[in-house]
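Everything on this sheet refers to the single structure shown next.
The values are calculated or read from the model by the stated rules, or taken from the named source; none is laboratory data. Please read all numbers here as calculations on a predicted model, not as lab measurements. With ideal geometry, Cβ positions are generated from the backbone for all residues, glycine too; neighbour counts draw on all protein chains shown. Areas reflect the complete protein model, heavy atoms only, side chains present, ligands, DNA and RNA absent. Shrake-Rupley method; radii C 1.70, N 1.55, O 1.52, S 1.80 Å.
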Amino acid sequence: MSFIACHQCDLICSLPSLPEPTSARCIRCGGLLLQTKPNSIDRTLALLIAGLTLFALACNFPFLALSSGGSLQETTLLTGVRILYQQGMPGLATLVLLTCILIPLVQMLALLYVVGPLKFNRIAPLSALIFRGYRKLQPWGMMEIFLLGILVALVKLGAMATIVPGLALIAFAALIFVLAAVLSVLSPQLIWDRLGEKA
């Protein structure tokens, strides 16, 4: 038996162990208390490994190539950050670096640190603290906004040069979908329960 506060009305509800998949609702307001997801740990772990692979591809291969007048200029994921810094906008360069590159990487590594050992019924040191930090960082990952900005720039640059999308751009776009899938299969209540059982 565990207890959880309703996110809608703050009623403290007691919950028995629930089978997978199922959901529980508040007896007062009907708000969703929790939703268990089948094979949450396994699916999250598989998606994290895929996400880290895509992240490595996005960082190590050409992002875009611009062909104009017989010359070809390739860019990488970090090129935009470097150019912003060189043009006297270090604050904006830092913000792009954090929200589009570092925070998503830290989120994936933090979740892998927590979920990996849980797959083998173990708990890594400081897992609860790291998982709490992961949850607080979630609103700060803005990869989809970065990709939207790139698409707008592609439309504007299309009239001036031939644009060739690189492997990194495809990997970056796929990574956005993989991270969204991680959020859909991750069961925070299950993680907290597992951490609580052995902490």
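For (1) of a type in the set (A, V, I, L, M, F, W, C); (2) at pLDDT below 90; (3) more than 24 Å from residue 163 (Cβ to Cβ), each residue gets a yes or a no:
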site: 71; (1), (2), (3): no, yes, no
site: 78; (1), (2), (3): yes, yes, no
site: 91; (1), (2), (3): no, no, yes
site: 94; (1), (2), (3): no, no, yes
site: 98; (1), (2), (3): yes, no, yes
site: 103; (1), (2), (3): yes, no, yes
site: 111; (1), (2), (3): yes, no, yes
site: 117; (1), (2), (3): no, no, yes
site: 122; (1), (2), (3): no, no, yes
>> Looking at region 46-69, I want the residues that are over 17 Å from residue 147 (Cα atoms) and have a partner that is at pLDDT 90 or above and of a type in the set (Gly, Ala, Ser) with Cβ atoms under 7 Å, at least 6 apart or on another chain. Which pairs are those?
In response: 47/181
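Could you tell me which residue of region 18-28 is farthest from residue 194 (Cα to Cα), considering only residues that are at pLDDT 70 or above and either in a loop (DSSP other than H, G, I, E, B) or of a type in the set (Lys, Arg) (or both)?
28
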> Quick one: how many residues across region 63-87 are of a type in the set (A, V, I, L, M, F, W, C), over 23 Å from the mean Cα position of the chain (by Cα) and assigned to a helix (DSSP H, G or I)?
Replying inline: 2
> Pick from region 180-194 the residues that are assigned to a helix (DSSP H, G or I) and touching a Leu at 6+ places or on another chain (Cβ under 8 Å): which of them is modelled with the lowest pLDDT?
Replying inline: 189
> If you take the residues in region 29-56 that are open to solvent by 70 Å² or more (accessible area, probe 1.4 Å) and modelled with pLDDT of 85 or more, which one is nearest to residue 167 (Cα to Cα)?
Replying inline: 53
>> Please go through region 126-166 and give me each residue that is assigned to a loop (DSSP other than H, G, I, E, B), open to solvent by less than 90 Å² (accessible area, probe 1.4 Å) and touching a residue at least 12 places away in the same chain (Cβ under 8 Å), ordered by number.
In response: 141, 142, 161, 166
>> I'd like the full set of residues that are part of a helix (DSSP H, G or I) and open to solvent by 50 Å² or more (accessible area, probe 1.4 Å), limited to region 113-125.
In response: 113, 119
> Going through region 167-178 one residue at a time, which ones are surrounded by fewer than 16 Cβ atoms within 10 Å (Cβ to Cβ) and out of contact with any helix residue (DSSP H, G or I) (no Cβ under 7 Å at 6 or more places or on another chain)?
Replying inline: 170, 177
> So, in region 3-17, of the ones that are open to solvent by 60 Å² or more (accessible area, probe 1.4 Å) and either touching a residue at least 40 places away in the same chain (Cβ under 8 Å) or not in a strand (DSSP E or B) (or both), which residue ends up farthest from residue 143 (Cα to Cα)?
Replying inline: 16
